[in-house]
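Trainee: So that we are looking at the same thing, I have put the structure below in structure tokens.
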Amino acid sequence: MKTFNNLSPYQEPKPVENLRQLAQSNADVYGDKDFYVYKQNGENVTVSYNDFNKTVRAFGTGLYKMGLAGKTIAISGDTHPNWTAAFIAIISAGGVAVPLDRDLDAKEAAGFLKIADCSAVIYTASLNKKFKGIAEELPLEYYIPISPEEDDTISFDKIAEIGQNALDEGEDFFDTIEPDMEKMSILLFTSGTTGTSKGVMLSHGNIICCINASCNATQYCKDDRFVSVLPIHHTYELAAGQLALSNQGASMFICEGLRYATRNFKEYKPTALVLVPLFLETVHKRIWDEIKRKGIEKKVRAGMAFSDSMLRMGVDLRPKLFSEVTAAFGGELRSIVCGGAPVDPQILRDFYSFGITVHQGYGITECSPLVAVNRPGNIKFDSVGQPVDNCEVKIVPLEDGEGKGNEGEILVRGGNVMLGYYKNEEATRAAFTSDGWYRTGDVGKMNKQGHITITGRLKNIIIASNGKNVFPEELEEHLMKIDAVKECVVVGREESGNVTITAVIVPNLDVLGESSSDTAISFVLKEAIAQINRTLPPYKHINKFEIRHEDFERTLSKKIKRFLVK
């Protein structure tokens, strides 16, 4: 037995074979221990590992009795134990689970339901009204609320009740169906409108590969407590977070919402968290703002330097010296797993000095999503870590020769890599090399020990600081409808640790007039872009624009050379 962070005992994680076995083995090992804790009407509700497995079996059997086993079913809404149970049950019953972003508007959600050929959709209480409206326009076999507003609705609980009755009568479909680990079991739509999104096809085996890799790369156990902050439809939160952590017996406390995160941290006292950079950066800034407000910055930095030197000699003074800082997380936090976008290494160094180790990782939806992560005892602040189990990574020179030193495109191969893009053979072919490596579109380098450092992106996709994906083509499509725009490129500018969505615009002087000043052009563009932003969610807003007076360089096929737009 080992120890992790001098906090709790750690044992080698049990191997996961499939999602049904994960839920069952968790119940066998952890029994009545709390798996989920969440608020309902201001009171804590607990779901044990036994309770959760019982729900998975009942709901999976209910799907079979309702004629939904093996079909494609979407899931959307807030983090809830029954969201996770539905995900496991759908896949274990031979179907395809389609996690949908809860923030999609009704038109986009309906569009994805159509594209995926969904037979049903399951959703939490906050989306009851939205899906009731969608149901009037888009007939599916079933709309299944987790918390129904009407008693006669075919709800999650009613399907689970049908399944439990069948189990009591000896029905063994769910317990005996042989899982096909190679077929598409999960369909994830990348961010964007239905016209620009791609459907990432993951197999049952892909997600199991991620769960096992996550467990082997981290060191958590049944004594650990997590607070779930991120949206559950993200594979990062779901697979690398909740499902992997369940295999290690941790308890998962569901955050009531970002505005209540601090309150929930103080109540639940997490020992570890799974976060995106934006959250980490925001807390880091608040910590230093408060330190500066008190006028003790020099004192704190001197204390950090002294504590770091003592730590190198094996003496850990951090819990005593920086208890006020860690109190923001409940006082018992020792580690954070962070992924979704690069983090300033200085932020990671500061948190380590305060007594909180940040394990920066690297993942892509197409890789289920985990590719690499920093391991306990082997942290490099400027690296996203080493490749996880059952995943190979290599760096190949850039085709245009722009790479510096050993820098190149990051390619991935292994059990975590997707099957391809849904109904899009052309995009699938373009995503892989001739010998089967997935082209991430990310630029980086890797040292002899396998530590990967991300240095840039070849892909057009912009990853915002909150981990959300923004497709520049979608925004460019809006911009090109403005008469005053001749051509444009949307990029993500790195500013003070945050990504600012910026439009680089070549104005249409035929419309504006050859003698138009930049001031006059800016006035027109500012108003037009403001109108576009009013139609988009905040994370997609075009925050800045730049006027360019020469045309963009293009390839022989007349495509803009985006990598030259700095």
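Trainee: Please enumerate, by chain and number, the aspartates and glutamates with C-alpha under 12 Å from the C-alpha of residue 423, excluding those fewer than 8 residues away in the same chain.
Mentor: 117
Trainee: Of 364, 96, 315, which is farthest along the charge dipole of the chain in the positive direction, counting Lys and Arg as +1 and Asp and Glu as -1 at C-beta?
Mentor: Comparing the listed Cα positions along the dipole, 315 ranks first.
Trainee: Using only the alpha carbons, work out the radius of gyration and Dmax of region 465-566 in angstrom.
Mentor: Cα only, region 465-566: 13.7, 42 Å (Rg, Dmax).
Trainee: Antiparallel as a % of all DSSP beta bridges within the chain, to the nearest 5?
Mentor: Counting only bridges with both partners in the chain, antiparallel ones make up about 60 percent.
Trainee: Charges only on Cβ, +1 for Lys and Arg, -1 for Asp and Glu: so what's the dipole of the chain about the Cα centre, in debye to the nearest 20?
Mentor: The calculated dipole for the chain is roughly 2040 debye.
Trainee: Lys pairs in region 471-564, Cα-Cα under 20 Å, at least 8 apart or on separate chains: how many?
Mentor: Lysine pair count for region 471-564: 12.
Trainee: So, one more: Quick one: order 177, 207 by neighbouring beta-carbon count within 10 Å, fewest to most.
Mentor: Starting with the residue having the fewest Cβ neighbours, the order is 177, 207.
Trainee: Order by neighbour count: 422, 49, fewest other Cβ atoms within 10 Å first, most last.
Mentor: Ascending Cβ contact count within 10 Å gives the list 422, 49.
Trainee: Also: Go from 0 up to the bin containing the longest alpha carbon distance in the chain, width 20 Å each, and give me the % of pairs per bin.
Mentor: Each 20 Å bin holds this share of Cα pairs: 20, 52, 26, 2, 0.
Trainee: Share of antiparallel DSSP beta bridges in region 471-564, in percent to the nearest 5?
Mentor: Bridges in region 471-564 that DSSP calls antiparallel: roughly 75 percent.
Trainee: Still on this structure, please answer the following. Return an integer: the convex hull volume of the alpha-carbon atoms of region 19-123, in Å³ per residue.
Mentor: 97
Trainee: Give me 418, 201, 66 sorted ascending by neighbouring Cβ count inside 10 Å, so fewest comes first.
Mentor: Placing the least packed residue first, the sequence is 66, 201, 418.
Trainee: Give the shape of region 230-271 as rounded, prolate or oblate, defined through the alpha-carbon gyration tensor: a ≥ b ≥ c are the square roots of its eigenvalues, a/c under 1.5 means rounded, and otherwise the shape is prolate if a/b is larger than b/c and oblate if not.
Mentor: oblate
Trainee: Show me, for region 293-309, the HN-Hα J-couplings you get by feeding each phi into the Karplus relation (A = 6.51, B = -1.76, C = 1.60, θ = phi - 60°), rounded to Hz, glycine and proline as x.
Mentor: For region 293-309, the Karplus curve yields 4, 7, x, 10, 4, 4, 5, 5, 5, 5, x, 5, 4, 5, 4, 4, 5 Hz.
Trainee: Mind checking which lysines have their C-alpha under 29 Å from residue 292, skipping anything on the same chain fewer than 8 residues away?
Mentor: Here the lysines satisfying the reach criterion relative to residue 292 are 266, 269, 320, 380.
Trainee: Given H placed on each backbone N at 1.01 Å, which residues far from residue 545 in sequence or on other chains put an amide H within less than 5 Å of it?
Mentor: For residue 545, whose amide H was placed from the backbone, the distant partners under 5 Å are 503.
Trainee: Under 5 Å between amide H atoms, partner at least 5 residues away or on a different chain: which partners does residue 33 have, H built in plane at 1.01 Å?
Mentor: The list, which skips near neighbours in sequence, is 49, 50.
Trainee: Taking Cα centroids, how far is region 118-147 from region 430-462 in Å?
Mentor: One Cα centre to the other: 39 Å.
Trainee: Would you mind putting 180-186, 284-290, 329-335 in packing order, based on average other-beta-carbon counts within 10 Å, highest first?
Mentor: For the peptides 180-186, 284-290, 329-335, the packing ranking is 329-335, 180-186, 284-290.
Trainee: Then there is this: Rounded to the nearest 500, what is the 222 nm mean residue ellipticity of the chain from helices alone, with -39500 (n - 2.57) per DSSP H run of 4+ residues and division by all residues?
Mentor: Rounded to the nearest 500, it is -10000 deg cm²/dmol.
Trainee: Oh, and also: Can you pull the Kirkwood radius for region 255-346, inverse mean 1/r over Cα pairs, to one decimal in Å?
Mentor: 14.5
No lab work stands behind these numbers, since they all come straight from the coordinates. Quick caveat: nothing in here was measured; it's all calculated off a predicted structure. Cβ: placed from backbone, ideal geometry, glycine included. Neighbour counts: every protein chain shown.
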